[in-house]
Each structure stands twice: as structure tokens, then as C-alpha cells.
Amino acid sequence: MKQQTLALAAGFERFGRQTRRSEFLSQMDVVVPWSELVALIEPHYPKAGNGRPPVGLERMLRIYFLQQWFNLSDPAVEDALYDSLTMRSFVGIDLGREPAPDETTVCKFRHLLERHGLGRKMLAVVNGHLERHGLKIGTGTIVDATILHAPSSTRNKQEQRDPEMHQVKKGNQWYFGMKAHVGVDADTKLIHSAEATAANVADNRVLADLLHGEETEVWGDQAYQGKTEVIVARAPQAVDRTHRQYRTKLVCYPAIREENRVKSKTRSRVEHVFALIKLKFGFAKVRYRGLEKNRNRLLSLCALTNLLTARHHLMAVAGQSCA
């Protein structure tokens, strides 16, 4: 058993295959516009001087994206880099020559992105990159919101819940946290707008911020009904296709219900986006206190979600197959 362990440590494995993680990271290595994102962050990144030389910017950006893709905290991503050869290869770390950046360095880089509001700019850069490669945001927008949970416990240093988060009742269930609001292109399912609020803020309060102004059609659930004036003020050519209330306590209107069912064939596409954000990338619960940090995470994750959604197209443009 001891000899077998030594052989494995020396790299004498006879069998192996490409894992789903390595396949995913190899695809992301191709589709992410690294040079454009590095150019976006570089003016704010520390320069080499009298102190310790900073870690390479692209390397830190790759580590930050690993955090988003695999829902890792600052200490967890440091451990993952030591534990996973696939992640080290993606970042470009050779433990024979250098250590992985520690959790403090990772935390400082994340704070730099939050301080300069670079999450929203990342989304704009990624969407510009997609447009140049043939994926343009169209004139149909789907708007929706989802609740992201926050810890409701008061067993912390402040002995209180996060003051920027709030509770809201949905059906017969109470939730505490924030809301992620998104505006999604109806054809490509690409996110072009996103916003974060406390959970008790009504969905339609940020409707205008989720439209880009060139819409001809706007879809949404019943939370957005009665906001036609807001839609027209932001997008004068838009037709309001949000759902209407089809029943009251006494009366049900089958015709309106059928109209809603037809609209849902398009409106439901936004749920695919939330599935990626909450299930694929694990952003169903907030990791940080305060809205600003979580807003920056949401916006950067929206950019990465767009790249994942468009990966087949981008891989084909790059001349590579995507399984």
C-alpha cells in the first residue's frame, strides 16, 4: 500500500480521462475575453514599486472567476488551488516554483473590483465581445426577479441580521435576503441588465433599470402588470406583454389565463438564466454582508453566465468543438 501511494505521488498513474471540471475550464479558457477584461481592470490594479511585486492581473482574474464558477470563499479557493491540479493548470501555477496566492491576496483583489464597481463594467465588456462575434442583444426583453437567501441568525459580532437585507412573504413562506433583478434578451437568453435590492422591494420598482430602451416587446409575470407607462417611458416602441391577473376571489377569466399561458412560452426562458446562476454556479445564498458586495458578485456572475450560454457559438467561432 505504501509503495502504491508513492507511485501515485510520483505521477505514475496509468489511467485517466478528462473530467467535467477540466472540460468546463478548457471551454472557459477559450470563450472568456481575457485581454479585454485585463485592460478594464489594469488602471485600478497595483503597480510594481518599492513593495512586494503584485501577483499577475490575469492570474488573479482567473482565481476570481474560479470563485464564481464553483461558489468558493476566499479560503476555499486557496485550498482548491493546492488540492486541484486542474484548477492550478487553469490559473497557471506551478507549485514547484511558487505558492498559490493566499486568501488575503484573493480578498484584496475582490475588494478592488467591488470598490471600483467593475462587475457592471465586466458585464458590458462581455456583451460587447459577444456582439462583435455575432450575438447581439435584440428588441425583446424578459424581466424577472428571484430571491437570494441571507443568514437570518443574529449569532455574530454585531448580534444582528444584515441591516441591508430584509424579509418578504411569498405565498405562505417568509424569506430573508436580497432580490436579483435581471433583464434578459428573449431570443438569445443573454443578460443585458441586472440590479440588486433588498428582498422586500417590489419587482416592478426597478423595471425601468432592466430595459435598454430599444425594446419592441417586454415580457414579465404578474408582478409587472399595470406598468405600461413605465415601459413606454423607457422604451417608446415597446409593447407590454406582461401577464395579467386572471382571477379574483370570486371570478376566473379563462381567456386571460390562456393569454398568460401563451406569453409564458417566451417569459419562461428567463428561468433558464436563474437556473444557471442559482443551481449551476451556486448563487442561491449571499456570501457577504451588505448589498454592494453581493451586487458586484451578481453582475460579474451575469457576465460569466452569458459566456456559458454563448459558449457553443464562441467555440465554433474559435474553430473548436464544444461537447
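Where in the chain is the longest stretch that carries no chymotrypsin sites (Phe, Trp or Tyr not before Pro) classed as loop by DSSP and with at most 12 other Cβ atoms within 10 Å?
Values: sites that count: PHE12, PHE15.
Answer - 16-323.
Could you list, in their original order, any pairs among LYS249/LYS278; LYS136/LYS265; LYS108/LYS169; LYS47/LYS280; LYS47/LYS278; LYS121/LYS285 whose Cα atoms are separated by more than 29 Å? It would help to have the intermediate numbers written out before the result.
On the way: LYS249/LYS278 34 Å; LYS136/LYS265 22 Å; LYS108/LYS169 36 Å; LYS47/LYS280 35 Å; LYS47/LYS278 36 Å; LYS121/LYS285 23 Å.
With Cα atoms farther than 29 Å apart: LYS249/LYS278; LYS108/LYS169; LYS47/LYS280; LYS47/LYS278.
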* **Efficiency of FRET from Cβ geometry, LEU250 and LYS280, R₀ 30 Å, rounded to 0.05** => 0.10
* **Nearest-0.05 FRET efficiency for GLU164 and ALA76, computed from C-beta distance (R0 25 Å)** => 0.55
* Structure fact -> With Cα springs under 10 Å, the Gaussian network model of the chain assigns the largest mean-square fluctuation among GLU195, GLU258, GLU78 to GLU258
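Between ARG52 and GLU131, what length comes free when the chain is fully extended (0.36 nm per residue of separation minus the Cα-Cα distance, one decimal in nm)?
Details: separation 79, 0.36 × 79 = 28.44 nm, distance 3.93 nm.
Between ARG52 and GLU131, full extension yields an extra 24.5 nm.
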* Structure fact -> Across GLY138, GLY290, GLY51, the residue with the highest GNM fluctuation in the chain (Cα network, 10 Å cutoff) is GLY51
* Among all helices in the chain defined by DSSP H, which have a length of 24 Å or more along the axis from Cα atoms plus a Kyte-Doolittle mean of at least 0.0? -> 291-309
* Amide H neighbours of THR242 under 5 Å, at least 5 residues apart or on other chains, H built in the peptide plane: list them. => GLY220
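Assuming R0 = 56 Å, what is the FRET efficiency of ASN172 and ASP94, from their Cβ-Cβ distance, to the nearest 0.05?
Working: r = 55 Å, r/R0 = 0.98.
Efficiency at R0 = 56 Å is approximately 0.55.
Quick check on the chain: helices-only [θ] at 222 nm, where DSSP H runs of length 4 and up contribute -39,500 (n - 2.57) each and the sum goes over total residues. Nearest 500, please.
Details: 13 runs with 141 residues, N = 323.
Theoretical 222 nm ellipticity from helices: -13000 deg cm²/dmol.
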* Asked: So which trypsin sites (Lys or Arg not before Pro) in segment 220-259 are both in a DSSP loop and have at most 12 other Cβ atoms within 10 Å of their Cβ?
  -> LYS249
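Figure the gain on full extension for GLU292 and HIS212 (residue separation times 0.36 nm, minus the Cα-Cα span) and round it to one decimal in nm. Don't jump to the answer; show the numbers that get you there.
Working: separation 80, 0.36 × 80 = 28.80 nm, distance 2.21 nm.
Answer, rounded to one decimal: 26.6 nm.
None of the figures in this text is laboratory data; all of them are computed from the coordinates on show. All figures in this text were calculated on a predicted structure; none of them were measured in a lab. Counting neighbours? That spans all protein chains shown, and the Cβs are built from the backbone with ideal geometry, glycine included.
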